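Chemist: A single structure is presented below for examination.
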Amino acid sequence: MQFIGKNMENNQDLSKFFANMPNFNTVKIPPAEEFMKFKKDIAILINLDLTNYKNNQMERRIVSLMNRLGINSLDEYARVLKTDSKKLEEFVNMLTINVSEFFRNPEKFLELETTYLPALLKKFSRIKIWSAGCSIGAEIYSIAMILDKMGTLDKCELVATDFDQNILRKAREGIYSKYEIGTIQKGYEKYVQTIDAEKYQINPRLTSKIRFERQDLLNSKYEKGFHLILCRNVVIYFTEDAKDRLYKNFYDSLVPGGILFIGSTERINNHKAFGYNLKTSFFYEK
Ligand SMILES: C[S@@+](CC[C@H](N)C(=O)[O-])C[C@H]1O[C@@H](n2cnc3c(N)ncnc32)[C@H](O)[C@@H]1O
């Protein structure tokens, strides 16, 4: 088995995702009131308030998908989504974009391994870690592998949450394609067992260690007492207001001295106002 650090960048992932969709520039966006009605209908159906997502990007994605399905109006699309569970699943996938990979931005995971995790484990006898918007679980399994290699996994409680039930099912199972495991870094191969030429299983000792739960980050109470929170590549489509609420809630969920680790294309503009101290790029301390 070959583990090659493919380290794909976000933008490449996203352009692949959108490759089958019509050019955004040619997408005709329906009037705002039609969208308001559609968002209300859908909010009830999937229990997710779409008004927290940036309008123009989300609307273009919705219309692109609708056009691809040959559906001509938002009303008709809402009716289809109410009756066709496959299309509803596709809609949620499009909306939440669950592209992820193991050790995404490996240099940052190395920093976590050499700086932040040892410091937290020195300061606290047990640590609690949360991957918020965990997608397929690659992020939290990367953390579990690092902790196990450090011999400290048993001192840690690991939680991973996502809005998308289907993606959580995959995360819990811990079964991945050869392509998906491609970014597992050298030295961590032992945590993956071969099922067949195409399927690989994360060591059950790691899968059983993680508590996977469904959670809408935009509309729920956050658990408290975390020493490390990872929320990476989740907020890109959120409005500024929604992001502010999220970062405030994460602050309240962290213990003093706890760390928030965000995505490599993200920054918290007003971090000082929330009480965060920027330690190094993408790592904020309470
Ligand atoms: C691009 S993935 C990021 C996965 C991982 N954190 C990483 O960086 O590789 C974004 C994830 O955020 C989740 N997400 C989007 N909106 C959410 C919400 N309101 N509540 C919880 N999860 C959400 C999506 O379902 C998706 O799995």
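The values are calculated or read from the model by the stated rules, or taken from the named source; none is laboratory data. As the structure is a prediction and not an experimental result, all values here were calculated from the model. For neighbour counting, all protein chains shown are included, and Cβ atoms are generated from backbone atoms with ideal geometry for every residue, glycine included.
Chemist: Got a number for residues in region 179-196 being in a loop (DSSP other than H, G, I, E, B), touching a strand residue (DSSP E or B) at 6+ places or on another chain (Cβ under 7 Å) and surrounded by 15 or more Cβ atoms within 10 Å (Cβ to Cβ)?
Modeler: The qualifying residues number 1.
Chemist: Oh, and also: Among I175, I210, which is buried (at least 21 other Cβ atoms within 10 Å of the Cβ), modelled with pLDDT of 95 or more and either more than 16 Å from Y141 (Cα to Cα) or of a type in the set (A, V, I, L, M) (or both)? Talk me through it step by step, then tell me what you get.
Modeler: Details: I175 fails: buried (at least 21 other Cβ atoms within 10 Å of the Cβ).
Every option except I210 fails the conditions.
Chemist: Please return the ranges of helices (runs of 4 or more DSSP H) entirely within region 1-72 where 3 or more residues are modelled with pLDDT of 85 or more.
Modeler: Counting at least 3 such residues, we get 32-46, 55-68.
Chemist: Restricting to region 64-97, and then to whatever is over 24 Å from the mean Cα position of the chain (by Cα) and either of a type in the set (G, A, S) or within 16 Å of the ligand (Cβ to nearest atom) (or both), can you tell me which residue is nearest to I29 (Cα to Cα)?
Modeler: S73
Chemist: Looking at region 101-138 only, could you name the residues that are without any contact (Cβ under 8 Å) to a residue 24 or more places away in the chain and not hydroxyl-bearing (S, T, Y)?
Modeler: Hits for region 101-138 are E107, L110, A119, K122.
Chemist: Do any residues in region 216-240 that are within 17 Å of I136 (Cβ to Cβ) and modelled with pLDDT of 95 or more have Cβ atoms under 7 Å from those of residues that are within 13 Å of the ligand (Cβ to nearest atom) and among the acidic types (D, E), where the two are at least six apart or on different chains, and which pairs are they?
Modeler: These pairs meet every condition: L230/E139; R232/E139.
Chemist: Might you check whether a residue that is within 12 Å of the ligand (Cβ to nearest atom), crowded, with 17+ Cβ neighbours inside 10 Å and either at pLDDT below 95 or under 22 Å from T265 (Cβ atoms) (or both) occurs anywhere in region 111-122?
Modeler: no
Chemist: Within 14 Å of the ligand (Cβ to nearest atom), touching a residue at least 40 places away in the same chain (Cβ under 8 Å) and either under 20 Å from R104 (Cβ atoms) or out of contact with any strand residue (DSSP E or B) (no Cβ under 9 Å at 6 or more places or on another chain) (or both): does that describe D162?
Modeler: yes
Chemist: A further question on this structure: Of the residues L153, L147, only one is free of Cβ contacts under 8 Å to residues at least 60 places away in the same chain and in contact with a Lys or Arg (Cβ under 7 Å, 6 or more places away or on another chain); which? Break it down stepwise before answering.
Modeler: Details: L147 fails: in contact with a Lys or Arg (Cβ under 7 Å, 6 or more places away or on another chain).
L153 is the lone residue from the list that is free of Cβ contacts under 8 Å to residues at least 60 places away in the same chain and in contact with a Lys or Arg (Cβ under 7 Å, 6 or more places away or on another chain).
Chemist: Sort through S131, S135 and tell me the only one that's within 16 Å of the ligand (Cβ to nearest atom), part of a loop (DSSP other than H, G, I, E, B), touching a helix residue (DSSP H, G or I) at 6+ places or on another chain (Cβ under 7 Å) and closer than 30 Å to L50 by Cβ.
Modeler: S135
Chemist: May I ask you to list the residues in region 39-86 that are touching a Phe, Trp or Tyr at 6+ places or on another chain (Cβ under 7 Å), in contact (Cβ under 8 Å) with a residue 40 or more places away in the chain and either of a type in the set (F, W, Y) or closer than 20 Å to V234 by Cα (or both)?
Modeler: Selection gives L48, N52, Y53, K54, Q57, M58.
Chemist: Of all the residues that make up region 211-234, how many are small (G, A, S) and within 6 Å of the ligand (Cβ to nearest atom)?
Modeler: Result for region 211-234: 0.
Chemist: Related question: Report yes if Y141 is within 21 Å of K108 (Cα to Cα), within 13 Å of the ligand (Cβ to nearest atom), out of contact with any Ser or Thr (no Cβ under 7 Å at 6 or more places or on another chain) and part of a helix (DSSP H, G or I), otherwise no. Let's see the steps before the verdict.
Modeler: Details: within 21 Å of K108 (Cα to Cα): yes; within 13 Å of the ligand (Cβ to nearest atom): yes; out of contact with any Ser or Thr (no Cβ under 7 Å at 6 or more places or on another chain): yes; part of a helix (DSSP H, G or I): yes.
When the stated conditions are applied, Y141 passes them.
Chemist: Sort out for me the strands (runs of 3 or more DSSP E) sitting completely within region 247-286 that have 1 or more residues that are closer than 12 Å to I229 by Cα and at pLDDT below 95.
Modeler: It comes to none.
Chemist: Further, regarding this structure: Being within 16 Å of the ligand (Cβ to nearest atom) and in a helix (DSSP H, G or I) is the requirement here; does F102 meet it?
Modeler: Considered against the rule, which asks whether it is within 16 Å of the ligand (Cβ to nearest atom) and in a helix (DSSP H, G or I), F102 comes out as no.
Chemist: Given (1) hydrophobic (A, V, I, L, M, F, W, C); (2) at pLDDT below 95; (3) in contact with a His (Cβ under 9 Å, 6 or more places away or on another chain), where does I129 come up short, assuming only one miss?
Modeler: (2)
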